[in-house]
Amino acid sequence: MARILIVDDDVAFRSSLAETVGDLGHEVLEAGSTAAGLRLLSAHAIDAAIVDLRMPEEDGLVFLQRAPVIAAIPCIMLTAYASGDNTIEAIRLGAFDHLTKPVPRTALVETLERALRQSTSASDSSTAPDAASAAASERNQLVGDSEAMRQVFKQIGRAATSDATVLILGETGTGKELVARALHRNGSRAGRPFVAVNCAAIPAELIESELFGHVKGAFSGATQHRMGRFQEADGGTLFLDEIGDMALPTQAKILRVLQERELTPVGGSQSLRVDVRVIAATHRDLPQEIREGRFREDLWYRLQVVPIMVPPLRERPGDILAIAEHFLRQHGADSPKRISAVAARRLLQHAWPGNVRELRNTMERAAVMSHGNCIEAEHLALPTLSATSPAQGMQIDWDGPLAAAVAQVERLMLERALAAANGNRAEAARRLGISRQQLYRKLEEAGPPGS
């Protein structure tokens with residue numbers, strides 16, 4: 001039996017939660033505020049805490065900041081207002097997990113059991129956040145509330161607390177640089193430089209000078225000493241985008257910098273020490289590149305200390321409208337436009353081969369082409385559905401209510417995932433990027449096929 005502390009200002013919800021935890025055979029202590037919760041934590045031996053994020057006076061993040069000073073215990077955060085930023089911040093501050101209300105019983109039980117199996121690791125991230133670094137700019141904000149993106153937010157929160165090298169994987173246009181910026185913004189190097197380099201955009205003969213710098217006279221045209229990007233990022237973060245396109249000789253030198261933390265400028269004879277966190281990204285299949293001799297296996301191992309996979313937009317259709325509205329707010333901050341129901345259905349129909357980047361361009365174009373305060377389908381200028389579009393063959397009333405169309409798309413995705421997984425629900429949930437509990441709930445809501 002464990003002793004569980006529940007901190008939530010909602011008396012009814014807290015009592016329900018306490019009953020569920022008590023049914024598992026655990027002792028429960030209840031608090032209606034962060035201050036009361038911290039007092040109980042000081043007075044009793046607590047094994048784990050379940051804490052609401054939004055509470056009057058002091059929120060759950062304050063509990064996360066102060067709890068490690070009293071006792072290093074796993075903390076499960078709850079919120080009815082899920083967002084990427086609060087998930088990242090909660091995990092960064094040491095939360096064991098971050099769940100969205102209402103919390104299914106199975107999800108709570110599973111998470112609590114995992115938390116109790118874990119040793120006192122919640123104290124690993126007790127550093128107080130820097131106010132400036134916690135504030136993400138609107139343009140660099142990651143948007144999405146799908147289960148797949150929530151997993152990305154959690155990975156960012158965990159990885160941000162260390163200097164480990166991160167390899168971000170995903171298709172072109174999925175927002176890999178936004179993930180890199182979120183890692184930097186939420187880490188200890190937030191006040192230091194963030195330097196991004198697109199390895200695919202720099203000619204092979206110039207990339208070493210770009211990265212490592214050069215001395216005067218190193219080559220024709222080198223009329224003065226030039227600092228490289230590694231030196232520019234000293235103390236901060238260097239983001240190597242599309243590293244899968246880098247030539248093999250340069251890969252070898254990157255490996256040396258990662259291993260030795262020093263570099264030699266082109267034409268130079270003295271090594272320079274650098275303190276840089278490296279985050280790399282690629283849309284390529286690096287194991288396949290290794291097999292074909294285009295990428296170094298030792299560099300791959302060194303880069304993917306913490307791999308983060310960014311899902312393509314087609315695998316998280318529930319995020320499409322939220323992202324579209326986000327881009328509209330960016331484009332017209334003074335008088336944001338709304339998306340009509342017909343235009344929203346058209347956005348959900350599209351396959352988005354260019355992912356979030358294509359969606360951003362579409363919404364910027366629509367904002368320019370629309371003279372009123374509403375985006376209509378014709379302003380999107382999206383191509384007609386092709387034979388390869390996921391919407392082909394779907395029996396969906398695209399002219400009906402938006403909620404009904406979304407429900408039909410979701411049902412068809414559930415049925416296709418189950419068919420592809422031969423009825424294995426755990427595998428179907430993995431394919432959809434959701435938990436098994438979410439899959440069960442959605443299947444129950446959808447009813448039997450054909451209903």
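The values are calculated or read from the model by the stated rules, or taken from the named source; none is laboratory data. Please read all numbers here as calculations on a predicted model, not as lab measurements. Cβ coordinates were reconstructed from backbone atoms using ideal geometry, including for glycine residues, and neighbour counts include every protein chain displayed. Protein only, heavy atoms only, side chains kept; ligands, DNA and RNA dropped before computing areas. Shrake-Rupley method; radii C 1.70, N 1.55, O 1.52, S 1.80 Å.
A few notes on this one:
- Of residues in the stretch 106-153 being modelled with pLDDT of 75 or more and assigned to a loop (DSSP other than H, G, I, E, B), the one nearest to the chain's Cα centre (by Cα): L142
- Any hit, the stretch 200-210, residues being more than 35 Å from the chain's Cα centre (by Cα), modelled with pLDDT under 85 and farther than 26 Å from V179 by Cβ: no
- Applying the set (1) touching a residue at least 40 places away in the same chain (Cβ under 8 Å); (2) out of contact with any Lys or Arg (no Cβ under 8 Å at 6 or more places or on another chain); (3) among the small types (G, A, S); (4) surrounded by 20 or more Cβ atoms within 10 Å (Cβ to Cβ) to G187 leaves exactly one unmet item: (2).
- Qualifying residue in the stretch 259-272 (condition: open to solvent by less than 20 Å² (accessible area, probe 1.4 Å) and under 31 Å from the mean Cα position of the chain (by Cα)): no
- Qualifying residue in the stretch 287-305 (condition: more than 23 Å from K253 (Cβ to Cβ) and either touching a Gly at 6+ places or on another chain (Cβ under 7 Å) or crowded, with 19+ Cβ neighbours inside 10 Å (or both)): no
- When each of R365, R360, R329 is tested for being of a type in the set (D, E, K, R), surrounded by fewer than 21 Cβ atoms within 10 Å (Cβ to Cβ) and either more than 19 Å from A377 (Cβ to Cβ) or out of contact with any helix residue (DSSP H, G or I) (no Cβ under 9 Å at 6 or more places or on another chain) (or both), the lone residue that passes is R329.
- Look at the stretch 96-111: where a residue is under 14 Å from E147 (Cβ atoms) and a partner is open to solvent by 30 Å² or more (accessible area, probe 1.4 Å) and among the basic types (K, R), sitting 6+ places away or on another chain with Cβ atoms under 7 Å, you get P104/R441.
Residue-wise test of (1) of a type in the set (G, A, S); (2) under 19 Å from V310 (Cβ atoms); (3) open to solvent by less than 10 Å² (accessible area, probe 1.4 Å); (4) in contact with an Asp or Glu (Cβ under 9 Å, 6 or more places away or on another chain).
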site	(1), (2), (3), (4)
A160	yes, yes, yes, no
A180	yes, yes, yes, yes
A200	yes, yes, no, yes
E205	no, no, no, no
H214	no, no, no, yes
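- If the condition is being part of a loop (DSSP other than H, G, I, E, B), over 23 Å from M149 (Cα atoms) and touching a Gly at 6+ places or on another chain (Cβ under 8 Å), then the stretch 171-204 contributes R189, R192, P193.
- The numbered conditions (1) over 21 Å from the mean Cα position of the chain (by Cα); (2) under 29 Å from D163 (Cβ atoms) are all true for E292 except (2).
- Filter result for I339 (touching a Cys at 6+ places or on another chain (Cβ under 8 Å), in contact (Cβ under 8 Å) with a residue 12 or more places away in the chain, β-branched (V, I, T) and open to solvent by less than 70 Å² (accessible area, probe 1.4 Å)): yes
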